[in-house]
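Visitor: What follows is a structure written as structure tokens; I'll ask about it next.
Rule-based calculations on the coordinates, nothing more; no lab input. None of these values were measured; they are calculated from a predicted model. Here the Cβ positions follow ideal geometry from the backbone for every residue, glycine too, while neighbour counts run over all protein chains shown.
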Amino acid sequence: LGKLTEETPKPMLKVAGRPILERIILQLVNHGIRRVFISVNYLGHVIEDHFGGGEQLGCQIEYLRELTPLGTGGALSLLAEKPRDPVLVMNGDLVMQTNFSQMLEFHEKGAFHATMGLRPYAHEIAFGCATFDGDQLVGIEEKPVLQKTVNAGVYVLSPAAVQSVPAQTFYPITGLFEEALRRNLPCGAYLIEEEWLDVGHPSQLHRANGLL
């Protein structure tokens, strides 16, 4: 299930001459996924006109049409059928080489309620940083690099997790994980070490076009 809303600047954004959503769908098909749902709101007709039913890409594409924005998780409540198997959910503006089969296997082997894809992220602070005690300077660190692990925008949800999404409500998918952690439900942390770019950011889009 891919997510495309008014937060995505161009619904047919391209990398290396191919629409990003098309790249994502082809990756899913290569990993044996044959049924794809795309959540659409802003300019959704552009997506539907381009992909149709998905036959040309070797899969079945269905559309979850949001009448009002439902956030990154709320569109799951629009699924007509209750899933019986884990559901892979991802943002529609990612360029990545993730092995989705391995991620699904990781989720099922761990018997997790929900699994979040994570990505190491480093950010260099553009200035020298100082530490001080009262009115006395005690240290200087020149342009330090901040290391964090970030949400990569890729998730695997159990059928029970999908069914926990409130209907017709703006609902960020991170809220599902927060609720699961409050209830002590097991949540998986899957580290994505392959190439990963969020091309919703212009600098990352330029980088992606330079790499592919």
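Visitor: So which chymotrypsin sites (Phe, Trp or Tyr not before Pro) in the stretch 114-180 end up in coil per DSSP with only 10 or fewer other C-beta atoms within 10 Å?
Guide: Those satisfying the criteria are PHE127.
Visitor: Using a basic spin-label model with each label point 7 Å from the Cα along Cα→Cβ, how many nm lie between GLU62 and THR131?
Guide: Each label point lies 7 Å from its Cα, and together they span 5.6 nm.
Visitor: Say each of LEU146 and GLU55 gets a label point 7 Å from the Cα, pointing the same way as Cα to Cβ; how far apart are those two points in nm?
Guide: Roughly 5.1 nm, to one decimal.
Visitor: Would you work out which of LEU118, ALA167, PHE100 lies farthest towards the positive end of the dipole of the stretch 67-190, given +1 charges on the beta-carbon of Lys and Arg and -1 on that of Asp and Glu, about the Cα centre?
Guide: The one lying farthest along the dipole's positive direction is ALA167.
Visitor: Excluding residues fewer than 8 places away in the same chain, name every one of the aspartates and glutamates whose C-alpha is closer than 15 Å to that of LYS143.
Guide: Those aspartates and glutamates meeting the cut-off are GLU124.
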